[in-house]
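Data block below; observations after.
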Amino acid sequence: MADVLRDGGIEEPFEVQTKTIPGALEGRDVCCRAPTGSGKTLAFGIPLVTMSPKAEPKRPTSLILTPTRELAEQIRGVLKPLADSIGLRIASVYGGTPYKGQYRRLNKGVEILVACPGRLIDLLERGALRLDDVGIVVLDEADRMADMGFMQPVCSILDKCKKDRQTILFSATLDEEVSEIADSYQDDPLTVGIGPEEVSMDSMQHFFWRINSRGKSELASYIAEKCGRTIIFCRTRAGVNRLGDEMSEMDTSFTTLHGGMKQKQRDRSMHKFSAGQARVLIATDVASRGIDVDDVNCVIHYDPPDDGKAYKHRSGRTARAGLTGTVVSLVLRSQNRKYKRIQEEVGIRCKFTDPKPESLEEREFVLAPPEKSKFRGKTRKGHSNNKRARRSRKSSTFRSSKQGSNHRNGRRKGKGKRNNRSRGGPKRAKPRN
């Protein structure tokens, strides 16, 4: 395994690995608070790979629970080279993908199973596997699973594993629900804290710009062009698709991510953004936790987050590993009160001003050339998930809200003529001469 780590450019352990791996290798339960990007995947992965015994078909011996499909695939990708080096098998199971391939892998036998709680419960009910042989369980991003309402399924899964199992818990915060899991399912755990207890807002520049809906997408595009690698958060899937359409018209390099996409589409989008082949990721909150992408310079709250906690989770995609970042909230008049409440919850005080994109620090970003992708399908400059007709292309330069008399939706201003008959109605017979 040391050779595999060395080949991956890993020479020295991170702090979280130094503090947790020895205790985990001794078989102790571990309760660790650590932010995303701190090196925690290897912190639990190395002990897990080292200690996992051989598995029989349908009976994994180690289990990693994680809240999202993207994080499950990321963990599997990190640990697979280590597992392969000592002859262990690893697989991931999550919703949104066919059952057939998951049945096949489980029937062959896997030592390490990476799973989202919902699909794992489903497979257990279908009799596709048993957890009686699971002696090591990892709960990754436990606080996120609590936010998503997974705590009851997680408890049900833990109850099906070995009674004397080793339980390793990693979480960005140790709030009430996570602490209850630790108290109920861990025995005298090694407790470790890495970094600040909460996402630090001090390493970010926060801007709250008053806008109206007209020109909003052009402003977001201009910010991204100036700041470099950017994540734009929308509230809904439809909002992501709509903004993607507008970004495509402005010739902005982007990709999209939301829960309505097929898994291959989501994998393709994340790969494109993380590899530097797209400047902008337009996403719903599905991407705000657990995705480890380096050098994100800017986060744009295109739609407001639900609360202060969601604001921190979204904003925490930038200003990582000691770097600084920019966070811009685009505030409609009707959203003033909500953003004031969010500022109070987060503990920041910022004025609401008119947009001043020229004041942002300009950061260089060079698009990586397209590579021969393992994903099927043609590479496109801008990815869109609906089939709307393309409208006239807009300039990539930011336009003020006073411009833009042509509304992007291109709707008719009047009903127009319908050839004197209702649409879809029967054709009127011609009078006889």
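The values are calculated or read from the model by the stated rules, or taken from the named source; none is laboratory data. On a predicted model such as this, the values are computed, not experimentally measured, just so you know. Cβ placement follows ideal geometry from the backbone for every residue including glycine, while neighbour counts extend to all protein chains displayed.
Which condition from (1) farther than 30 Å from Gln152 by Cβ; (2) at pLDDT 95 or above; (3) hydrophobic (A, V, I, L, M, F, W, C) is the one that Ile90 breaks?
Among (1) farther than 30 Å from Gln152 by Cβ; (2) at pLDDT 95 or above; (3) hydrophobic (A, V, I, L, M, F, W, C), the lone unmet condition for Ile90 is (1).
Which residue out of Thr173, Thr236, Thr230 is in contact with a helix residue (DSSP H, G or I) (Cβ under 6 Å, 6 or more places away or on another chain) and either in the same structural domain as Leu323 (by TED's automatic domain parsing) or aliphatic (A, V, I, L, M) (or both)?
Checking each option against the conditions leaves just Thr230.
If I filter segment 293-330 down to residues being buried (at least 21 other Cβ atoms within 10 Å of the Cβ) and among the hydrophobic types (A, V, I, L, M, F, W, C), which single residue comes out as nearest to Gly215 (Cα to Cα)?
Leu330
So Asn241 clears everything in (1) closer than 22 Å to Asp143 by Cβ; (2) in contact with a His (Cβ under 9 Å, 6 or more places away or on another chain) except one condition, right? Which one?
(1)
Checking the conditions here, which among Gly322, Gly382, Gly316, Gly347 is at pLDDT below 90 and more than 25 Å from Val286 (Cβ to Cβ)? I'd like the intermediate steps shown before the answer.
On the way: Gly382 fails: more than 25 Å from Val286 (Cβ to Cβ); Gly316 fails: more than 25 Å from Val286 (Cβ to Cβ); Gly347 fails: at pLDDT below 90.
One residue alone meets the criteria, Gly322.
On the basis of being modelled with pLDDT under 95 and either crowded, with 17+ Cβ neighbours inside 10 Å or on the phi < 0 side of the Ramachandran plot (or both), does Ser156 make the cut?
no
For (1) in contact with a helix residue (DSSP H, G or I) (Cβ under 7 Å, 6 or more places away or on another chain); (2) at pLDDT 90 or above; (3) assigned by TED's automatic domain parsing to the domain that holds Pro305; (4) not acidic (Asp, Glu), each residue gets a yes or a no:
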{"position": "Val240", "(1), (2), (3), (4)": "no, yes, yes, yes"}
{"position": "Gly244", "(1), (2), (3), (4)": "no, yes, yes, yes"}
{"position": "Ser248", "(1), (2), (3), (4)": "no, yes, yes, yes"}
{"position": "Gly259", "(1), (2), (3), (4)": "yes, no, yes, yes"}
{"position": "Asp267", "(1), (2), (3), (4)": "yes, no, yes, no"}
{"position": "Lys272", "(1), (2), (3), (4)": "no, yes, yes, yes"}
{"position": "Thr284", "(1), (2), (3), (4)": "yes, yes, yes, yes"}
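Cβ-Cβ under 7 Å, sequence separation 6+ or interchain: first residue in segment 246-263 and under 14 Å from Ala224 (Cβ atoms), partner aromatic (Phe, Trp, Tyr). Which pairs?
Met247/Phe254; Thr255/Phe273
Among (1) surrounded by 13 or more Cβ atoms within 10 Å (Cβ to Cβ); (2) touching a strand residue (DSSP E or B) at 6+ places or on another chain (Cβ under 9 Å), which single condition is Ser359 missing?
(1)
Out of the residues in segment 8-25 meeting the condition of being surrounded by 10 or more Cβ atoms within 10 Å (Cβ to Cβ) and without any contact (Cβ under 8 Å) to a residue 12 or more places away in the chain, tell me which one is farthest from Lys40 (Cα to Cα).
Among residues in segment 8-25 that are surrounded by 10 or more Cβ atoms within 10 Å (Cβ to Cβ) and without any contact (Cβ under 8 Å) to a residue 12 or more places away in the chain, the one farthest from Lys40 (Cα to Cα) is Pro22.
Exactly one of these conditions fails for Gly95: (1) free of Cβ contacts under 8 Å to residues at least 40 places away in the same chain; (2) more than 24 Å from the chain's Cα centre (by Cα). Give me its number.
(2)
Just checking: which of the helices (runs of 4 or more DSSP H) contained wholly in segment 107-206 hold 2 or more residues that are free of Cβ contacts under 8 Å to residues at least 60 places away in the same chain and either touching a Gly at 6+ places or on another chain (Cβ under 6 Å) or more than 30 Å from Lys309 (Cβ to Cβ) (or both)? Spell out how you get there, then give the answer.
Values: elements: 117-125, 142-147, 151-160, 176-185.
Qualifying helices (runs of 4 or more DSSP H): 117-125.
Being of a type in the set (Val, Ile, Thr) and outside the structural domain of Ser213 (by TED's automatic domain parsing) is the filter here, so list the residues in segment 343-370 that pass it.
Hit for segment 343-370 is Val366, nothing else.
So, Gln263, is that one at pLDDT below 90, of a type outside the set (Gly, Ala, Ser) and surrounded by fewer than 21 Cβ atoms within 10 Å (Cβ to Cβ) or not?
Working: at pLDDT below 90: yes; of a type outside the set (Gly, Ala, Ser): yes; surrounded by fewer than 21 Cβ atoms within 10 Å (Cβ to Cβ): yes.
Here the answer is yes, as Gln263 does meet what is asked.
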